[in-house]
Amino acid sequence: MSWSRRLLTASAVGAGALVATTFAAGTAGAHGAMFGPASRVAACYAEGPETPKSQVCKDLVADSGTQPLYDWNEVNIASANGQAQQIIPDGHLCSANRDKYRALDWARTDWPATSVTAGAKTFNFRVTAPHQGVMKLYITNSSYNPTQPLKWSNLDLANPIATFASPRTSDNGYYNVNVNLPQRTGRQLIYMVWQRTDSPEAFFGCSDVDFGSGTAAAAGAFAAQAPNAPTEAQIAAGTGHSSVSHYGHGGDALTAQEAAAGTATTGTTLPVDNSTSNLLLGMAGTGLLAATASGVLLARRMRNTAVTA
């Protein structure tokens, strides 16, 4: 192989590495979970990944290890792009169809459940990396049976209990989401879909709640204990065991006004905007063109030098 061809090959390989690095940097990260009412993964993490208390959390660790709990803020699909219903099959909603989090899909009545009543409430989402996006919360309908795998048809998709426009800042690490809980009885489930509008990535979560007055069959064979949310000390202590990033923002740098703002408020649904993905693609493409052009230019110079000699 001639030097010019070798150089062009090396340039292409280097450019490919640049593209891979660019996209890898864009997909790393983890960004939050519902703490009030606590999601399944957050509740089990709060019990302690190494020494969980409830039977269901013990079984989760026995089945999947402790890593899903240390990565409590990562239940995501990087390329969801608003197509959650199309890409997540029935029975796999709580795990976002990811094998790592498969235990979250277990249809059991001993998941720790938060006691609630109908009416206006404020839910608390612990956000470790704020992003512009739309968070929708759904509640199960009359077809829901906690002993059966959760299906999309079990959710009241036409009437979300909250639609929250998430900003790129948070209120001391939380999004405070106003919801309106309808009348229900017994154990129900709150399903969260947080679709970013600065990238195709989306996050998902399941929080078990109990309206009371349920039948003995609905209550199940196990008495569920009320869940706790992780403390800030627990979050800090587990960061070193996490395999995902706990910090950062989506999109470009915050403006001075955004950095000064701290309170997250509800808003209208935002249009899907893949500007971050387009920016990464542009950066990768620019790097590829620059690397290839440099290789071609250098190869020509070497060939001309060889001819002159």
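Among residues other than Ser243 whose Cβ falls under 9 Å from its Cβ, what is the net charge (Lys/Arg +1, Asp/Glu -1)? Walk me through the numbers before you get to the answer.
Values: positive: none; negative: Asp71, Glu74.
Charge balance in the 9 Å sphere: -2.
Using modelled backbone amide H atoms (1.01 Å from N, in-plane), which distant-in-sequence or interchain residues come within less than 5 Å of Asp210's amide H?
Hits under the 5 Å cutoff: Thr114, Ser115, Val116, Gln188.
Roughly how many whole Å is it from the C-alpha centroid of region 47-116 to that of region 137-152?
Distance between centres, Cα-based: 16 Å.
With Cβ to Cβ distances under 15 Å as the rule, what net charge do the other residues near Val179 carry (K, R +1; D, E -1)? Intermediate results must be reported in sequence, preceding the final value.
Details: positive: Lys121, Lys136, Arg184; negative: Asp156.
Taking every other residue near Val179 into account, the sum is +2.
Long-range amide H contacts for Ser166: which residues qualify at under 5 Å (H placed 1.01 Å from N, peptide plane, sequence gap of 5 or more or a different chain)?
Placed amide hydrogens put Gly133, Val134, Met135 under 5 Å from Ser166.
With θ set to phi - 60° and the Karplus curve 6.51 cos²θ - 1.76 cosθ + 1.60, what are the ³J(HN,Hα) couplings of region 116-124 in order, to the nearest whole Hz, using x for Gly and Pro?
9, 9, 5, x, 6, 9, 10, 8, 10
Only the coordinates and a few stated rules stand behind these numbers; no lab work does. Computed from a predicted model, the values in this text were never measured in an experiment. Note that each Cβ is placed from the backbone with ideal geometry, even for glycine, and that neighbours are counted across all protein chains shown.
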